[in-house]
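Below you will find the structure I want to go over with you.
The values are calculated or read from the model by the stated rules, or taken from the named source; none is laboratory data. Remember, predicted model here, so these are calculated numbers, not experimental data. In this analysis, Cβ positions are derived from the backbone assuming ideal geometry, glycine residues included, and neighbour counts consider all displayed protein chains. With ligands, DNA and RNA removed, areas are computed over all heavy atoms of the protein, side chains included. Shrake-Rupley method; radii C 1.70, N 1.55, O 1.52, S 1.80 Å.
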Amino acid sequence: MPRLAPLDLAKLTPEQKKVADAIVAGPRGGLRGPFEPWLRSPVLADRAQKLGEYCRFNNSLPRDLSELAICLVGRHFKAQYEFYAHARLAREAGLAPAIVEAVRTRQTPPFTRDVERIVYDFVTEYLATNRVAAPNYKRAADAFGEQGVVDLVGVCGYYMLVSMTLNVFEMALPPGEPEPLA
């Protein structure tokens, strides 16, 4: 049960309505996930949704690799809704289902491309140590360039915010959906 009552969209403040309308009109098309909690702080909601739009839809990484990073972050933080939503998006973007399942169950994924391993090593090392060692940084910079590494950090950081929001406010999965993470 979410900790916040659902917002009555007919009773939003003008600031909330402006942000909600922008989110609905954008590429997401709806107010799922962290957006209802964020709307309690319309300036935060506006800035976060703009950052999220870049991180999810426009960053310089290939979409499957971006979704791999998001799934790793969601798994790390046990963010049920995030993993539920992005596991599907990762598969739709072309990430092998076996990789998504391995991430879900905390197994080493069966990578077929070095770029998948690079993202995995970079993100998992950071999540385990709060640092990225020189060899993993160099591999990522060589593979994706400076912008790609900055975008990878941005994607991970944004989805850490999303994970915390979903977890703190106990945002529920759609009715009938089982929790994907043990």
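Using Cα pairs closer than 8 Å and at least 6 residues apart in sequence, work out the relative contact order for segment 94-151, in percent.
Numbers: 30 pairs, mean separation 11.6, N = 58.
Relative contact order of segment 94-151: 20 percent.
Continuing with the same structure: Scan (i) 17.0; (ii) 15.4; (iii) 17.9 for the value of Kirkwood radius over Cα pairs in Å calculated from this model and give just the label.
Derived directly from the coordinates: (i).
For segment 59-111, report the accessible area per residue in Å² (1.4 Å probe, heavy atoms, rounded to an integer).
Numbers: 2110 Å² over 53 residues.
I get 40 Å² per residue for this part.
When the dipole is taken about the Cα centre of the chain, and only Lys, Arg (+1) and Asp, Glu (-1) are charged at their Cβ, what size is it in debye, to the nearest 20?
It works out to roughly 200 debye.
Under a point-charge model restricted to the Cβ atoms of Lys and Arg (+1) and Asp and Glu (-1), what is the dipole moment magnitude of segment 111-182 relative to its Cα centre, in debye to the nearest 20?
Working: 5 positive and 10 negative charges, 51 e Å.
So the dipole magnitude of segment 111-182 works out to roughly 240 debye.
Let me check I have the definition right: for segment 120-175, take the eigenvalues of the Cα gyration tensor, multiply each by 5, take square roots. What are those semi-axes in whole Å, largest first? Walk me through the intermediate numbers first.
Details: eigenvalues 154, 30, 15 Å².
So the three semi-axes of segment 120-175 are 28, 12, 9 Å.
Here's another thing I want to ask about it. Roughly how many Å is it from the Cα centre of segment 1-39 to that of segment 96-122, as a whole number?
One Cα centre to the other: 33 Å.
Now a separate question. Sequence gap at least 6, Cα distance under 8 Å: using those rules, report the relative contact order of the chain to the nearest whole percent. Numbers along the way, then the final one.
Values: 197 pairs, mean separation 56.5, N = 182.
Dividing the mean separation by the residue count of the chain yields 31 percent.
Provide the FRET efficiency to the nearest 0.05 for the Leu9-Ala182 pair, computing r from the beta carbons and using R0 = 30 Å. Walk me through the numbers on the way to the answer.
Numbers: r = 35 Å, r/R0 = 1.15.
It comes out at approximately 0.30.
Keeping the other protein chains in place, figure out the carbon and sulfur percent of the accessible area of segment 1-61, with a 1.4 Å probe.
The C+S portion of the solvent-accessible surface of segment 1-61 is 58 percent.
Here is a follow-up. Once Lys and Arg get +1 and Asp and Glu get -1 on their Cβ, which of Tyr126, Ala141, Pro110 lies farthest toward the positive end of the dipole of the chain?
Of the candidates, Tyr126 comes out farthest on the positive side.
Moving on. Tell me, in nm to one decimal, what length is gained between Glu170 and Phe57 on full extension, where the rule is 0.36 nm per residue of separation less the Cα-Cα distance? Can you show the working numbers first?
Details: separation 113, 0.36 × 113 = 40.68 nm, distance 2.53 nm.
Gain in length upon complete extension: 38.1 nm.
Express the relative contact order of segment 22-99 as a whole percentage, based on alpha carbon pairs under 8 Å and six or more residues apart in sequence.
Numbers: 44 pairs, mean separation 18.2, N = 78.
Relative contact order, segment 22-99: 23 percent.
If each DSSP helix of 4+ residues adds -39,500 (n - 2.57) and the sum is divided by the residues in the chain, what number results at 222 nm, nearest 500 deg cm²/dmol?
Values: 8 runs with 114 residues, N = 182.
Calculated mean residue ellipticity at 222 nm is -20500 deg cm²/dmol.
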